[in-house]
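This report concerns only the one structure given below.
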């Protein structure tokens, strides 16, 4: 387990978050809600479920970030909703029991192709859950979606399909999954992804364009 989040975020390989930042520059669009607040609260939920060692349950902090009593209570309710879902979902139960959490991977000189033009990048990703015995993993999300349809729309709007294809190709895995907990009603939504299905193909198409733009903007490639 990686107990120092800065160890990952200070690395120089290209991450999915880097591609998101580039997308926001190249393809600006209207943002809904407070992104920083959503990231902050998502960090709390992630920590409770996948990195409890980072949580101070008495001071209501994760690392040095202070949360309110209400935020902590809400996050605990969402954590409990996932635990309750695991009683009905045998696969989720195994994930919670067996997965490595917050495991990062690096792929040096990963090969890409965009419009049949080959190029390479050093890449990285950080799994919420990874199942080493099976060679694949998945992601934990918090969402404002209150229904399955809204979750499916969020998957495309927030480019979660891109992130899953990115992770799958770094790990060379053929399967992936997302579990998302609603901030509105604590419902748990899930999505299973296989290499070559519609979600993977859309995600790969999204990341290949951005990865190529990143490669073009690398100083050694700018002539």
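The values are calculated or read from the model by the stated rules, or taken from the named source; none is laboratory data. Keep in mind that this is a model prediction, so the values were computed, not measured. Methodologically, a virtual Cβ is constructed for each residue, glycine included, from the backbone with ideal geometry; neighbour enumeration extends over all protein chains shown.
Restricting 121, 140 to residues that are touching a helix residue (DSSP H, G or I) at 6+ places or on another chain (Cβ under 9 Å), part of a strand (DSSP E or B) and over 12 Å from residue 170 (Cβ atoms) narrows the list to 140. For the structure I just gave you, tell me whether residue 155 is in a helix (DSSP H, G or I), in contact (Cβ under 8 Å) with a residue 40 or more places away in the chain and in contact with a strand residue (DSSP E or B) (Cβ under 8 Å, 6 or more places away or on another chain). Judged against the criteria, residue 155 is a match. When 110, 102 are checked against the criterion of being touching a residue at least 60 places away in the same chain (Cβ under 8 Å), at positive phi, crowded, with 17+ Cβ neighbours inside 10 Å and touching a helix residue (DSSP H, G or I) at 6+ places or on another chain (Cβ under 8 Å), a single residue qualifies: 102. Being closer than 30 Å to residue 218 by Cα, out of contact with any helix residue (DSSP H, G or I) (no Cβ under 8 Å at 6 or more places or on another chain) and either modelled with pLDDT under 90 or surrounded by 12 or more Cβ atoms within 10 Å (Cβ to Cβ) (or both) is a property that does not hold for residue 34. Taking residue 19, is it part of a helix (DSSP H, G or I), under 26 Å from residue 162 (Cβ atoms) and at pLDDT 95 or above? Against the criterion (part of a helix (DSSP H, G or I), under 26 Å from residue 162 (Cβ atoms) and at pLDDT 95 or above), residue 19 qualifies.
Taken as a whole, the condition of being exposed (fewer than 10 other Cβ atoms within 10 Å of the Cβ), in contact with a helix residue (DSSP H, G or I) (Cβ under 8 Å, 6 or more places away or on another chain) and farther than 27 Å from residue 172 by Cα applies to residue 87.
With respect to residue 46, determine if the residue is loosely packed, with under 10 Cβ neighbours inside 10 Å and either under 27 Å from residue 123 (Cβ atoms) or in contact (Cβ under 8 Å) with a residue 12 or more places away in the chain (or both). So residue 46 does not fit the description; no.
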